[in-house]
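Peer 1: Below is one structure. I have some questions about it.
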Amino acid sequence: MGRLEVKRFQNIFNGVYAGKRVLVIGDTGFKGSWLSFWLKELGARVSGYSAYFPSEPCLFNTLNLKGSIDYHVGDVRDLQKLEKIFKKARPQIVFHLAAQSIVRTAYQDPKRTFDTNLGGTVNVLECIRKASGIEAAVIITSDKCYENFGIKRGYHENDRLGGEDPYSASKACAEIAFKAYFKSFFSQPGALPLATARAGNVIGGGDWAAYRIVPDCVRAWSLGEAAIIRNPKATRPWQHVLEPLSGYLWLGACLLKQGKKLTGESFNFGPRPRTERNVGELVELFLSIWGKGQWKYVRIKEKKEAMLLKLSPAKARKILSWQANLSFKETICFTAEWYKAYYQKTNDMGHVTRSQIKEYIKKAQAQKLDWAKG
């Protein structure tokens, strides 16, 4: 990009990230890698902290982020090491995304799931409480923090928290811990502003995690095998990874600018209306763009999985003037085209990723969304 284009790019989100020291906890994960890459493009001085690379391939390595951010290896459950990273990085803005994020894995190892998702969040909040110089913090949890009754209107931020499985319960616990820390330590005048963000059913290029529909399909089709679909009728409101990330970044920017109004709040970031599709529909559309492949339904006896979980982003729309801007078809096209570029093995994936971010911003600007004004 030329200088003028770089400046315009860095001016979005009110230009708050250019030159800021930003700590991304969970930077090697799928969303963490996209977020770290976008922050670098915004001119931020990014530090990252993660325990491991979650898959092979791994988006973090695909984008060569290890050489472009201040990368640190460590477990969010290790409070002492986390405190050292806070002292070294001296962050002005913190994004916490580190988690055990796979529902099926949580059944296999519930203790590690609670230790990471609840205990890790408490450790991050403790570091934020003790550190100096932090100006804003965004704690990312999950759509599954709500007690799910399968209602169709979409869950609101003040709906009851809960969970019948270890993963969901761990995320509800993280939200409760956040509220306790806010009320006890961050609600007084002059305290740094912080908030939680909730999103789910996120897809996009670069996710190779196990037990997820898009990665499962891509792995199978890249090897010429049929993708195994466990629940083709399960319906979800799918959203591209750039949708909630734009929400997280805008929430961080708004906390910096108007923290008193937003601190202690929680916000849902969900897709546009009428993006609910079942897994079978998603796979068929993805396959039409991918070009070649097969899938088959194999019934697998496993723990109960919710058929519908939908968030209402009305609060983010009203208070933050944020809304998603991709249709279901655009979401699938963005995702499939990224993977196609990767498996062609002739593409600079940093360039592909940057191009998708730029295209996403242009769509947001066409809709005159506040965060995209440059």
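Peer 1: What is the distance, in nm, between label points placed 7 Å from the Cα along the Cα-to-Cβ direction at GLN367 and at TYR52?
Peer 2: It is 3.7 nm.
Peer 1: To check you understand DSSP bridge types, tell me what percent of the beta bridges within the chain (both residues inside) are antiparallel, rounded to 5. Please report the intermediate quantities before stating the final value.
Peer 2: Values: 4 of 34 bridges.
Within the chain, antiparallel bridges account for around 10 percent of the total.
Peer 1: Could you compute the FRET efficiency for LYS130 and LYS296, with r as their C-beta to C-beta distance and R0 at 56 Å, rounded to 0.05? Provide the component values of the computation, followed by the final result.
Peer 2: Values: r = 53 Å, r/R0 = 0.94.
Given R0 = 56 Å and the Cβ-Cβ separation, E is 0.60.
Peer 1: Helix-only estimate, please: 222 nm mean residue ellipticity of the chain, summing -39500 (n - 2.57) across DSSP H runs of length 4 or more and dividing by its residues, to the nearest 500.
Peer 2: Only helices count here, giving -12500 deg cm²/dmol.
Peer 1: Determine the sum of side-chain charges near ALA324: Lys and Arg each +1, Asp and Glu each -1, restricted to other residues whose C-beta is under 11 angstrom from that of ALA324.
Peer 2: On the way: positive: ARG272, ARG317, LYS363; negative: GLU243, GLU330.
Value of the local net charge: +1.
Peer 1: Over all Cα pairs of the range 215-374, how is the pair count split among 10 Å bins, expressed in % and running from 0 up to the last occupied bin?
Peer 2: So the P(r) values, bin by bin, are 9, 32, 32, 20, 6, 0.
Peer 1: Let me ask something else. Can you list the trypsin sites (Lys or Arg not before Pro) in the range 231-279 that are in a DSSP coil and have 11 or fewer other beta carbons within 10 angstrom?
Peer 2: Those satisfying the criteria are LYS233, ARG274.
Peer 1: Answer with a single label: of [x] 128; [y] 149; [z] 215, which was calculated as volume of the Cα convex hull per residue in Å³ from the structure in view?
Peer 2: Computed from the coordinates, volume of the Cα convex hull per residue in Å³ corresponds to [x].
Peer 1: Measuring from a point 7 Å past the Cα of LYS260 along Cα-to-C-beta, which residues in the range 102-138 have an amide N at less than 20 Å?
Peer 2: Counting backbone N atoms under 20 Å from the label point, the list is 134-137.
Peer 1: What's the longest uninterrupted piece of the chain once you rule out the GluC sites (Glu not before Pro) that are loop residues per DSSP with at most 13 other Cβ within 10 Å?
Peer 2: 1-163
Peer 1: With +1 on the Cβ of every Lys and Arg and -1 on the Cβ of every Asp and Glu, and nothing else charged, how large is the dipole of the range 61-163 about its Cα centre, in debye rounded to the nearest 20?
Peer 2: Numbers: 16 positive and 12 negative charges, 32 e Å.
Computed charge dipole of the range 61-163: roughly 160 debye.
Peer 1: Suppose R0 equals 22 Å. What FRET efficiency, 1/(1 + (r/R0)^6) with r the Cβ-Cβ distance, do ARG219 and LYS84 give to the nearest 0.05?
Peer 2: 0.05
Peer 1: Pairs LYS152/LYS368; LYS257/LYS318; LYS179/LYS233: which exceed 27 Å Cα-Cα?
Peer 2: Exceeds cut-off: LYS152/LYS368; LYS179/LYS233.
Peer 1: Pull up the cross-link candidates among the aspartates and glutamates for LYS66, meaning alpha carbon to alpha carbon under 20 Å and not fewer than 8 places away within one chain.
Peer 2: Of all the aspartates and glutamates, those that pass the test against LYS66 - Cα under 20 Å, at least 8 places apart if same chain - are ASP27, GLU41, GLU56, ASP75, ASP207, ASP348.
Computed from the coordinates by the stated procedures, all read-outs in this text should not be read as laboratory data. Only a predicted model underlies this, so the values are computations on that prediction, with no experimental measurement involved. We place every Cβ from the backbone using ideal geometry, glycine too, and count neighbours over all the protein chains shown.
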